[in-house]
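Accompanying notes for the structure given below.
The values are calculated or read from the model by the stated rules, or taken from the named source; none is laboratory data. Predicted, not measured: the structure shown is a model, and the values here were computed from it. Using ideal geometry, Cβ is built from the backbone for each residue, glycine included, and neighbour counts are taken over all protein chains shown. Accessible surface is based on the protein model in full, side chains and every heavy atom, while ligands, DNA and RNA are left aside. Shrake-Rupley method; radii C 1.70, N 1.55, O 1.52, S 1.80 Å.
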Amino acid sequence: MSAAMWAPELEALERERLLGLQLERARASIERVLRRPAWAKRLGGVRPGDVRSLDDWARLPFLTKAELRDAYPFGLAAGDDYRRIHMSSGTTGNPIVNPYTAADVAQWGEVMARCYVAAGVTASDVIHITPSFGLFTGGFGFHYGAERLGAMVVPVGAGRTALQLKLMRDLRATVLTAIATYPLRLLEVAREERFDLSTLALRVGIFGSETWSDELRARIERDLAIRTHDIIGMTETGGPGLGIDCAARAGIHVWEDHYLVEIVDPVSGAPRADGVEGELVVSTLTREGLPLVRYRTRDLTRVLSRAPCVCGRTSLRLDRLRGRTDDMVIVKGVNFYPQQVERLVLRHAGVGPEYQMALEDGDRVVVLLEAQPDCDPAIAARIRRDLHDALALSLDVRLCAPGTIERAPGKAVRVIDRRTIR
Ligand code: ZN
């Protein structure tokens with residue numbers, strides 16, 4: 001199987017040559033940032049000629065989220081002529097600002113066009129965009145890629161779910177792009193409004209911006225009768241488009257001519273071997289406005305393979321993101337991630353895909369689940385047992401009526417910390 005590609009000369013570039021291109025671009029990127037006094041200072045004496053190999057790159061200091069916040073607004077910016085600002089939706093402190101030059105906006109369109117083609121999307125598709133258009137990168141990223149591809153775009157943005165369903169049906173959308181949990185909202189509103197999902201022409205979904213389990217993915221694919229693709233990327237890297245999984249669904253292809261990724265131990269920062277989970281570290285190779293040199297993303301994943309994929313692409317493949325280091329919950333000395341709970345819960349029929357975990361004083365965790373009309377009341381006990389077997393923790397599982405758990409307007413809120421004693 002060899003699939004269509006947007007830029008086959010780069011996506012299927014022989015690996016040795018791809019690594020050569022990475023090194024060349026990494027050196028150009030370090031030369032560029034070293035011209036800025038703030039970067040020269042934080043890189044403490046590194047000189048342009050010091051990066052002779054990718055191993056040398058892996059000895060440069062990490063860049064942290066705190067440094068980017070402290071650099072607000074333009075402290076670590078390295079471009080000359082900005083055309084656009086995007087920023088993170090930080091709830092506390094300064095947001096992380098990413099200024100885009102004209103070349104950055106073009107680069108974004110390029111990697112997003114590759115993502116669409118990897119998901120089997122063509123110029124004949126109608127692409128319905130539901131992430132918001134604004135400071136958040138989602139809406140514009142999907143928009144630029146779709147324009148580059150030459151597809152028809154329906155740039156609805158966030159909210160107005162009933163209208164979204166109507167437009168998808170009437171404008172014959174074939175591709176849905178969304179924050180990963182938004183399809184749940186679409187399905188819920190379709191049920192409430194007795195909207196006939198079989199009138200939709202959707203065939204592909206491209207979802208990201210949140211970690212979503214394979215179990216949630218299977219539910220969305222079944223209920224919307226689509227094939228989904230997992231896209232990654234964040235404000236700091238320039239928005240969605242860092243990588244996507246292809247039809248082979250054998251890991252997320254990273255566009256390595258634009259991004260250099262490493263996996264490190266989240267505590268010590270030491271490199272992790274392929275196959276071993278750790279924190280994703282991203283360097284940008286072509287971004288001008290906010291170049292990243294070894295940025296600690298806090299996302300957890302692992303390298304699945306560096307071998308060519310059946311689709312013909314030669315880029316490294318990452319596992320789907322499993323969570324973020326900041327999402328880790330520690331109760332009675334046991335560490336776990338919300339996604340582990342999600343996966344176990346969704347294996348049971350009768351409960352909805354929305355869930356919320358409340359952390360209470362005294363090491364109590366209350367897992368709130370929505371019972372569907374056909375739900376067996378004994379399910380709470382079964383889920384509690386499953387969670388206990390998997391996590392070696394007794395969590396308090398409670399069922400509630402559908403619609404009880406608050407639906408956040410953007411990313412889903414899965415954990416509420418009500419502890420007064422930490
Ligand atoms: Zn592939």
Using only protein heavy atoms and a 1.4 Å probe, report how much of Ile416 is accessible, in Å² to the nearest 10. 50 Å²
Computed label-point distance, nm, for sites Glu406 and Thr64 using a 7 Å Cα→Cβ extension: 3.0 nm
Please state the relative contact order of region 171-232 as a whole percent: Cα pairs under 8 Å, 6+ residues apart? 41 percent
Relative contact order for the chain using alpha-carbon pairs under 8 Å, separation at least 6, rounded to a whole percent? 14 percent
Take the Cβ-Cβ distance between Glu24 and Val189 as r, set R0 to 45 Å, and report the resulting FRET efficiency rounded to the nearest 0.05. 0.35
Each label sits 7 Å from Cα toward the beta-carbon; between Thr199 and Arg83 the label points are separated, in nm, by 4.0 nm
Hey, what angle do you get for helix 214-224 against the long axis of the chain, alpha-carbon based, 0 to 90 degrees rounded to 10? 70 degrees
In Å, the Kirkwood hydrodynamic radius of the chain over pairs of distinct alpha carbons? 22.6 Å
Heavy atoms only, 1.4 Å probe, whole protein assembly: order Glu277, Glu236, Glu9 by accessible area, highest first. Glu9, Glu277, Glu236
List Ser89, Ser209, ordered by accessible area with a 1.4 Å probe, largest first: Ser89, Ser209
Of the cross-linked pairs Lys332/Lys411; Lys65/Lys166; Lys65/Lys332, which ones have a Cα-Cα span greater than 31 Å in the structure shown? Lys65/Lys166
Using the Cα gyration tensor of region 354-422, with a ≥ b ≥ c the square roots of its eigenvalues, what is the shape: rounded (a/c below 1.5), prolate (a/b larger than b/c) or oblate (neither)? oblate
Solvent-accessible surface ranking, highest first, for Asp70, Asp257, Asp265 at 1.4 angstrom: Asp70, Asp265, Asp257
With angles folded into 0 to 90 degrees, how steeply does helix 379-391 sit against the dominant principal axis of the chain? Use alpha carbons for both and round to 10. 30 degrees
So Lys41 and Thr122, fully extended at 0.36 nm per residue minus their Cα-Cα distance, gain in nm 24.6 nm
With Cα springs under 10 Å, the Gaussian network model of the chain assigns the largest mean-square fluctuation among Val331, Val97, Val264 to Val331
For the chain, the per residue accessible area (1.4 Å probe, Å²) is 42 Å²
Of all accessible surface on the chain at a 1.4 Å probe, what whole percent is carbon and sulfur? 52 percent
In degrees, nearest 10, range 0 to 90: what is the angle between the Cα axis of helix 138-149 and the longest Cα principal axis of the chain? 60 degrees
Restricted to region 1-327, the DSSP antiparallel beta bridge percent, nearest 5, is 60 percent
DSSP beta bridges in region 328-417: the antiparallel percent, rounded to 5, is 55 percent
Separation between the Arg382 and Ala307 pseudo-spin-labels, each 7 Å from Cα along Cα→Cβ, expressed in nm? 3.8 nm
Note: probe point = Cα of Lys166 + 7 Å toward Cβ; backbone nitrogen < 17 Å; residues of region 401-422 passing the test are none
Using Cα centres only, tell me the gap between region 204-251 and region 84-118 in whole Å. 18 Å
Rounded to the nearest 0.05, FRET efficiency between Arg15 and Ala106 (Cβ-Cβ, R0 30 Å) equals 0.70
